[in-house]
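The values are calculated or read from the model by the stated rules, or taken from the named source; none is laboratory data. These numbers were taken from a predicted model, which means no experiment stands behind them. Reconstructed Cβ throughout: ideal geometry from the backbone, glycine too, with neighbour counts over all protein chains shown.
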C-alpha cells in the first residue's frame, strides 16, 4: 500500500521529528489502506460490517493529518512532541489535540472572508480545507497538476484528475468529506437502534470508495504545492497514484 502512504506523507524525510511524526502516520495509513483495499476487492466478508467503517474513518483522519503535517509542519510536529512528554495523559483531553473541526474543516468561529482588514489572526482558519488554504495552496496546485498531466501522454486511469475544476474542487470536497465522515462515524459509534438502518456491505464499500477517492486525490495534488514538505516529484506522484488506485480493483 506504499502508493497512498507516499502520496500523503511524501518522500522519506530526514531524521528528526518529521521522520517520527510522518512515519507514525504513514504506518497507520499503510495498515488501514491495505484493509480498506481488501474490503473493496472482495465481497461477502462479514468482517466489513463490524470494522469497515472504523478502517475508513482512521484512514480518512490520518490521511488529512499527514497532508496538514506537510503544509503546516508545526501543528503536527508539536503534537508529536507533546505526546512524547511524560506529563501527557492518554485519558485526558488536550485542548491542542488534532480535531476534525478546526484542523480539517474550518470551525464556525473562523472568518468567512478571505481578505478583510478586520480579520484577527485567531479567526483566520488554518484548516486543511479552509478558504485561505484553498486560495494559497489548493487552487494553484490543482492547476499545476492538470497542466502537468495535460502535457503528458493521455492515460484513462488519470481522467478523474484531469477533469477537476480548481475553482470548485475544495468546496465540493468539503461537502463530500463531511458527508462520508458523518456516515463513517455512525458506523463506528453504532448509532442505530433499529436493525433496518444498520449498514450493509454495499453502503460501507461505497463509503470506503469515497475515502479512497478523496484521500488519493488530495494526496496527489498536495505534491504540486511548492512549499509542501517532502513533496514527491510529479512523475513519482503519478506512479504512486496509479499504484494505489489499481490496488483497489
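Given the options 214, 204, name the one that is within 10 Å of residue 53 (Cα to Cα), in a helix (DSSP H, G or I) and modelled with pLDDT of 95 or more.
Values: 214 fails: within 10 Å of residue 53 (Cα to Cα).
The conditions single out 204.
Could you check how many residues of the range 221-238 are more than 18 Å from residue 138 (Cβ to Cβ) and free of Cβ contacts under 8 Å to residues at least 24 places away in the same chain?
Looking only at that region, the number is 2.
Which of the residues belonging to the range 32-42 are free of Cβ contacts under 8 Å to residues at least 12 places away in the same chain and assigned to a helix (DSSP H, G or I)?
Filtering the range 32-42 down to residues free of Cβ contacts under 8 Å to residues at least 12 places away in the same chain leaves 38, 42.
The one that is free of Cβ contacts under 8 Å to residues at least 12 places away in the same chain and assigned to a helix (DSSP H, G or I): 38.
What residue, of 188, 180, is touching a helix residue (DSSP H, G or I) at 6+ places or on another chain (Cβ under 7 Å), assigned to a helix (DSSP H, G or I), surrounded by 12 or more Cβ atoms within 10 Å (Cβ to Cβ) and modelled with pLDDT under 95?
On inspection, the qualifying residue turns out to be 188.
Across the range 114-130, which residue is modelled with the highest pLDDT among those that are surrounded by 11 or more Cβ atoms within 10 Å (Cβ to Cβ) and more than 17 Å from the chain's Cα centre (by Cα)? Please lay out each step first, then the result.
Keep residues of the range 114-130 that are surrounded by 11 or more Cβ atoms within 10 Å (Cβ to Cβ), which gives 114, 116, 119, 123-130.
This time we only want the ones that are more than 17 Å from the chain's Cα centre (by Cα), so: 114, 116, 119, 123-125.
Numbers: 114: 76, 116: 74, 119: 75, 123: 75, 124: 80, 125: 85.
Filtering first and then ranking leaves 125.
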